1. Kindly list the number of the only condition in (1) out of contact with any helix residue (DSSP H, G or I) (no Cβ under 9 Å at 6 or more places or on another chain); (2) open to solvent by 70 Å² or more (accessible area, probe 1.4 Å); (3) at pLDDT 80 or above that fails for Glu108.
2. Between residues in the range 95-114 that are touching a residue at least 12 places away in the same chain (Cβ under 8 Å) and residues that are acidic (Asp, Glu) and buried (at least 19 other Cβ atoms within 10 Å of the Cβ), which pairs lie under 9 Å by C-beta distance while being six or more apart or on different chains?
3. Filter the range 3-60 for residues that are of a type in the set (A, V, I, L, M), without any contact (Cβ under 8 Å) to a residue 12 or more places away in the chain and more than 26 Å from Ile103 (Cα to Cα) and give the result.
4. Restricting to the range 117-143, what's the tally of residues that are without any contact (Cβ under 8 Å) to a residue 40 or more places away in the chain and closer than 15 Å to Phe51 by Cβ?
5. Just checking, how many residues over the range 94-143 are assigned to a loop (DSSP other than H, G, I, E, B) and either more than 18 Å from Phe71 (Cα to Cα) or of a type in the set (Phe, Trp, Tyr) (or both)?
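The values are calculated or read from the model by the stated rules, or taken from the named source; none is laboratory data. Note that this is a predicted model, so its numbers are computed, not measured. All Cβ positions, even for glycine, are placed from backbone atoms using ideal geometry, and neighbour counts span all protein chains on display. When the accessible area is computed, the model is the full protein with side chains, heavy atoms only, and any ligands, DNA or RNA have been set aside. Shrake-Rupley method; radii C 1.70, N 1.55, O 1.52, S 1.80 Å.
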Amino acid sequence: MPKDSTVAMKIGSLRSALTMNQEAFAERLKVAQGVVSAWERGEYAPKDGNFVQLAMLATEHDLLSEALWFFQQAGLGRAELLAAAAPASGGPEWNKAYSAALIDAQAEYPNDSIARHRMAMGVADRVMRIKASRKAEQGSERK
């Protein structure tokens, strides 16, 4: 019997819903395929940052109830889901900004995963607003 069958089942279900094999899923999450396999067998649970990555992946594919569940496993909740849902639909640019900000947030909040993720989400949101503003300015200059 797996140590944490709920987590294992949720991860396997997400991967199946995305029609990805373990290798592609692992690549998308920037972990080894063996890590995904161990998660799905319930050998150990993902770290908070991995739960957030899983939530973001679910959000990108409009699997919002799954995203909320993964956010909750990381100690986050509905506010983060709402913050993530809008920009994540914008795709990889937001995720890239979020990932970069998460590295900086680790230095700022080494012992507080919730604060790290909130900071990274805030930074990614600001980056996307700045990019959208610049794009709008460029569009108005062309007219």
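1. (1)
2. Asn95/Glu60; Ile114/Glu80
3. Just the residues of the range 3-60 that are of a type in the set (A, V, I, L, M), to begin with: 7-9, 11, 14, 17-18, 20, 24, 26, 29, 31-32, 35-36, 38, 45, 52, 54-58.
Narrowing further to those that are without any contact (Cβ under 8 Å) to a residue 12 or more places away in the chain: 9, 20, 24, 26, 32, 35, 38.
Of everything in the range 3-60, those that are of a type in the set (A, V, I, L, M), without any contact (Cβ under 8 Å) to a residue 12 or more places away in the chain and more than 26 Å from Ile103 (Cα to Cα) turn out to be Met9, Met20.
4. Taking the range 117-143 first, the residues without any contact (Cβ under 8 Å) to a residue 40 or more places away in the chain are 119-120, 122-124, 126-127, 129-143.
Applying the additional criterion that residues be closer than 15 Å to Phe51 by Cβ yields 120.
Qualifying residue count for the region: 1.
5. Residues of the range 94-143 assigned to a loop (DSSP other than H, G, I, E, B): 109-112, 143.
Checking which are either more than 18 Å from Phe71 (Cα to Cα) or of a type in the set (Phe, Trp, Tyr) (or both) leaves us with 109-110, 143.
Going through the range 94-143 one residue at a time, the tally reaches 3.
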